[in-house]
Amino acid sequence: MSGPIPLQWPLALSALLFTLGVVGVLTRRNMIQVFMSLELMLNAVNLNLVAFARHSESITGQVFVLFVFTVAAAEAAVGLAIIIAFYRNKQTLNVDEFNLLKW
C-alpha cells in the first residue's frame, strides 16, 4: 500500500484549505486574521499546483510555486506594513474601521 498518492487527496486537502481561508476572510473582523486567511488561500493554491505538477510529471508547477512564494513574501511584508500603519493611525485592527479611502 505504499504506492503513489492519488491526485484526489491533495486536491481535496487544497479545496478544504481554500474553503477555510474563504470562510476566514468573510467572517473575521480582525485584520491579522483576515491576512492569515488570505495566506492560507495562497498556500492552498500552491498545494494544488504542486499536486498537478507531480501528477503530470512536470517541473513547471513547482517552479511556478517558487514564484508564488516570492510574491507571497513581498505581499506579506507590504500587507503587514499597511496593517501596522493602520494600527498606529486608528489604534484598532477592526476591518469595519478601515475607511481611510472613503470620501
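Taken together, the values in this text are just the output of simple stated rules run on the coordinates, not laboratory data. All of these numbers come straight from a predicted model, not from anything done at the bench. Heads up, the Cβs are rebuilt from the backbone with ideal geometry, glycines too, and the neighbour counts pull from every protein chain shown.
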* Average projected area of the Cα convex hull of the stretch 8-95, in nm²? -> 5.6 nm²
* Formal net charge of residues neighbouring LEU38 (Cβ-Cβ distance under 12 Å; K, R +1; D, E -1) -> -1
* Where Lys and Arg each count +1 and Asp and Glu each count -1, what net charge lies around LEU47 among other residues with Cβ under 15 Å from its Cβ? -> 0
* With point charges of +1 on the Cβ of Lys and Arg and -1 on the Cβ of Asp and Glu, referenced to the Cα centre of the chain, which listed residue (ALA81, ASN99, MET36) lies farthest in the positive direction of the dipole? -> ASN99
* Asked: With each label point set 7 Å from Cα along the Cα-Cβ vector, what nm distance links ILE32 and THR70?
  -> 3.0 nm
* **Residue range of the chain that is longest and free of trypsin sites (Lys or Arg not before Pro) which are both DSSP loop and sparsely packed (at most 16 other C-beta within 10 Å)** => 30-101
